[in-house]
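A short write-up of the structure that comes next.
Derivation of every value follows stated rules applied to the coordinates shown; laboratory data play no part. From a predicted model like this one, the values you see are computed outputs, not experimental measurements.
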Amino acid sequence: MIKEIHGFKTEYDEKTEKAVDYLANDLDKEEARVFFDQAKLRGYAEFEDDDEGQYTLKYKGDNLYLLIRRN
């Protein structure tokens, strides 16, 4: 699935729906932008949500990001 989060096209699956909600609704645009900017600059950004879920946001190129869950 693909969803635009604060203007950033993000690919995700059912395992990462909580992280999508966290980025889109719990963080304001500027807070979330830090993760997207870091992912674009370094290729990835790691973060955790309010429930301590571990996630990685990867930059795939062409303004598309991929959200994956870490165990």
Between region 17-31 and region 38-62, what is the C-alpha centre distance in whole Å? 12 Å
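Report the relative contact order of the chain, percent, no decimals, based on alpha-carbon pairs under 8 angstrom and at least 6 residues apart.
Working: 112 pairs, mean separation 22.1, N = 71.
So the answer I get is 31 percent.
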Computed from these coordinates, which is P(r) over Cα pairs in 10 Å bins from 0, in percent: (1) 18, 37, 24, 14, 6, 1; (2) 22, 64, 14, 0; (3) 15, 30, 31, 16, 7, 2? (2)
Return the calculated 222 nm mean residue ellipticity for the chain, to the nearest 500 deg cm²/dmol, obtained by summing -39500 (n - 2.57) across DSSP H runs with n ≥ 4 and dividing by the residue count. -7500 deg cm²/dmol
